[in-house]
1. Which numbered condition trips up Leu165, out of (1) more than 13 Å from the chain's Cα centre (by Cα); (2) at pLDDT 95 or above?
2. Considering only residues of the stretch 124-136 that are in contact with a helix residue (DSSP H, G or I) (Cβ under 7 Å, 6 or more places away or on another chain), more than 15 Å from Ala216 (Cα to Cα) and among the polar types (S, T, N, Q), which is surrounded by the fewest Cβ atoms within 10 Å (Cβ to Cβ)?
3. For the stretch 124-151, what are the residues that are assigned to a helix (DSSP H, G or I), modelled with pLDDT of 95 or more and polar (S, T, N, Q)?
4. So Pro47 fits all but one of (1) more than 17 Å from the chain's Cα centre (by Cα); (2) in contact (Cβ under 8 Å) with a residue 60 or more places away in the chain; what number is the exception?
5. Filter the stretch 59-77 down to residues that are assigned to a loop (DSSP other than H, G, I, E, B) and hydroxyl-bearing (Ser, Thr, Tyr) and give me whichever is surrounded by the most Cβ atoms within 10 Å (Cβ to Cβ).
6. Output the number of residues of the stretch 1-58 satisfying the condition of being on the phi > 0 side of the Ramachandran plot and touching a Pro at 6+ places or on another chain (Cβ under 9 Å).
7. Could you please find all residues in the stretch 209-243 being of a type outside the set (A, V, I, L, M, F, W, C), in contact (Cβ under 8 Å) with a residue 60 or more places away in the chain and within 19 Å of Phe112 (Cα to Cα)?
8. Would you say Ala218 is under 20 Å from the mean Cα position of the chain (by Cα) and in a loop (DSSP other than H, G, I, E, B)?
Amino acid sequence: MTQISILGCGWLGFPLAKKLIEKGYSVNGSTTSENKLSILAEAGIHPFLVTLESEGISESITDFLAKSEILIIDIPPKLRGNNADTEKKVFVEKIKNLIPFIEQSIVKKVLFVSSTSVYGNENTIITEQTTPNPDTESGKQLLSAEAVLQNNSLFETTIIRFGGLIGEDRHPVKTLSGRENLENPDAPVNLIHQTDCIGLIYEIIHQSKWGDVFNAVAPFHPTREVYYTGKAIALNLPLPTFSLVESGIKKTISGEKIETSLQYQFDLKNY
């Protein structure tokens, strides 16, 4: 039985772990909260309390990686809130501190969960051939972390860059509902549902698509105004209103490569 370690069993990592267990994998899962250890265990995940800091990593990291052939890293930069300024300086350092432990383990395949924010706001169709040009701190940190992993020759790294994340309990329309004069009414949406995130990661592992970079967004790009207005109506929420001024920014993320490479079909009813 192949063992996989998932660093970060949160909104995506936890249901991903359960999916992989259903598919016959053994899964080590990490959390930074002692209260979640029992929750992971109840789901059949081998739980580990792992904390990454710029100065080092908790000792449990060695046991967490032991006997795992594959490592999934799903710990996005925390660039909001009271610790944002500090986190700007340390996220890449955390990834660098992780590298020696990966090298000392039997891990030979790494999947890093990144974001399409590495591309910035380009007024064009974005593919994996587009040169990243992040205009946010989060995008800059993720791009640097990608490079740290990709440049290591002791393991193969696949980067999956997700668009805007949505799910049953997570949708931007809930934040936008009732707001007025929202910007960028004509900008296309670039979203991906939690179910498809999990499905794509599973297929990358199942089909051994290592050493590659994939954009992961649904082939569904209505404008922000059309989409969020329609979604608010569907969910019986107060409608958002949008500015009459066109933004001119029409960044469309293409997920054609990952669809073709994995022969994957997105479940568009979730959008």
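The values are calculated or read from the model by the stated rules, or taken from the named source; none is laboratory data. Predicted, not measured: the structure shown is a model, and the values here were computed from it. Ideal geometry is used to build each Cβ from the backbone, glycine not excepted, and the neighbour counts take in all protein chains shown.
1. Evaluating Leu165 over (1) more than 13 Å from the chain's Cα centre (by Cα); (2) at pLDDT 95 or above leaves (1) as the failure.
2. Asn133
3. Passing the criteria: Ser144, Gln150.
4. Here Pro47 meets the rest and fails (2).
5. Here is the first cut: in the stretch 59-77, the residues assigned to a loop (DSSP other than H, G, I, E, B) are 59-60, 66-69, 74-77.
Filter again for hydroxyl-bearing (Ser, Thr, Tyr), leaving 60, 68.
Details: Ser60: 13, Ser68: 24.
Of everything passing the filter in the stretch 59-77, Ser68 is surrounded by the most Cβ atoms within 10 Å (Cβ to Cβ).
6. Counting residues in the stretch 1-58 that are on the phi > 0 side of the Ramachandran plot and touching a Pro at 6+ places or on another chain (Cβ under 9 Å) gives 1.
7. Asn215
8. On the way: under 20 Å from the mean Cα position of the chain (by Cα): yes; in a loop (DSSP other than H, G, I, E, B): yes.
In short, yes.
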